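> To start, I am sharing the structure in question, which I have written as structure tokens.
No value in this document is a laboratory result; all are computed from the given coordinates. A quick note: this is a predicted structure, and the numbers were derived from the prediction, not measured. Note: ideal-geometry Cβ built from the backbone for every residue, glycine included; neighbour counts use all protein chains shown.
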């Protein structure tokens, strides 16, 4: 059974077009990994009379990972690298990763603290899912 990871991007500005471009870049970065799928999260049905069937959220992606969740550490690394590039280009960017009830927020904390928080989150996700190979190296 596959795991679903929700990634939510929060930026300090409100430029929706650059947010869409940046989230598309993150999506392409994630698709280079061995994940099953990366798609925009849906906001729900569109108003009656609209052409599309659902609304997509500009700032959220859903990543489908293989059941072993061994890729999760690599996904977090790619998201962290992307966040650093996006923050340099457009101001503060925070990213929330969520699997089930386990949430990790990547912010501007120092690298050692972010690594500690990431390791704790990976252990919690691993314990919850029973996955192998998610913990520290």
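> Once you have the Cα-Cα distance between residue 117 and residue 2, take 0.36 nm times their residue separation minus that, and quote the gain in nm to one decimal.
This chain segment gains 39.0 nm when fully extended.
> For a quick protection proxy, order the peptides 75-87, 29-41 by their average other-Cβ count within 10 Å, most packed first. Spell out each step's value before the answer.
Details: 75-87: 18.2, 29-41: 15.0.
Those peptides, ordered most packed to least, come out 75-87, 29-41.
> For the range 3-129, compute Rh as the Kirkwood radius over C-alpha pairs and then the Stokes-Einstein diffusion coefficient at 20 °C and 1.002 mPa s; write the answer in µm²/s, rounded to an integer.
Details: Rh = 15.3 Å.
Translational diffusion coefficient: 140 µm²/s.
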